[in-house]
Amino acid sequence: MEDSSKKGFVKEWAPTIIAAVVIGLLLWKFLIYSVWITSGSMIPTLGVKDRLIATRVHNPENLQRGDIVIFQSDELKATLIKRLIGISGDHIEIKNGVVWRNGEMLEEPYVKNNDHYSGTFDVPEGEYFFLGDNRDRSDDSRCWKDPYIEGDKIEGKAKIKIYPLNDFQMYK
């Protein structure tokens, strides 16, 4: 390749490559990110060392009960991933491990190792209540001094399990 054709190639492709990198970084910063699971609190849905792609949550009011959500816990000083069980105004009652929300028993086929916990929670305005799927091994809302997470502590929503490859899965 001649020197002038190398310069022409660079002049032609450099802006496209730079634009692609910048767009990719912006998407990663503001729309999506990866998550690595470090505990067994969400087994069997998510195992230790699973990797996910999550979308960033800019408006937690758009979350749905049952979503798998990533958030900051001030109490544990950690990033956690749990299932959203209750939103503002919900009355959560757990009777011998069975969860009732606003008087209706939840169908939770994803729950493993349920425990015999009982308790009652009323989710305040702008806050959320979370439980792990592996209830016997999950440090979640039931266990915390303040059982609720404020909306501004919510970071993301699990969308796709990308690892292990043989367990690829999409979430709602």
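The values are calculated or read from the model by the stated rules, or taken from the named source; none is laboratory data. Treat the numbers as computed from the prediction; the structure is a model and nothing was measured. Neighbour counts run over all protein chains shown; Cβ positions are idealised from the backbone, glycine included.
Here are a few things to note about the model shown:
- Elements of type strands (runs of 3 or more DSSP E) contained in segment 77-143, each with 1 or more residues being closer than 24 Å to TRP36 by Cα: 78-86, 127-131
- Checklist (1) within 25 Å of PHE129 (Cβ to Cβ); (2) not in a loop (DSSP other than H, G, I, E, B) applied to LYS7, failing item: (1)
- Single condition LYS95 does not satisfy, out of (1) touching a residue at least 12 places away in the same chain (Cβ under 8 Å); (2) out of contact with any strand residue (DSSP E or B) (no Cβ under 7 Å at 6 or more places or on another chain); (3) farther than 25 Å from PHE121 by Cβ; (4) among the basic types (Lys, Arg): (3)
- Flag for LEU80 being in the same structural domain as ALA158 (by TED's automatic domain parsing), closer than 17 Å to SER138 by Cα, surrounded by 14 or more Cβ atoms within 10 Å (Cβ to Cβ) and out of contact with any helix residue (DSSP H, G or I) (no Cβ under 9 Å at 6 or more places or on another chain): yes
- Restricting segment 39-57 to residues that are under 13 Å from the mean Cα position of the chain (by Cα) and farther than 13 Å from ILE162 by Cβ leaves a set whose member that is surrounded by the most Cβ atoms within 10 Å (Cβ to Cβ) is MET42.
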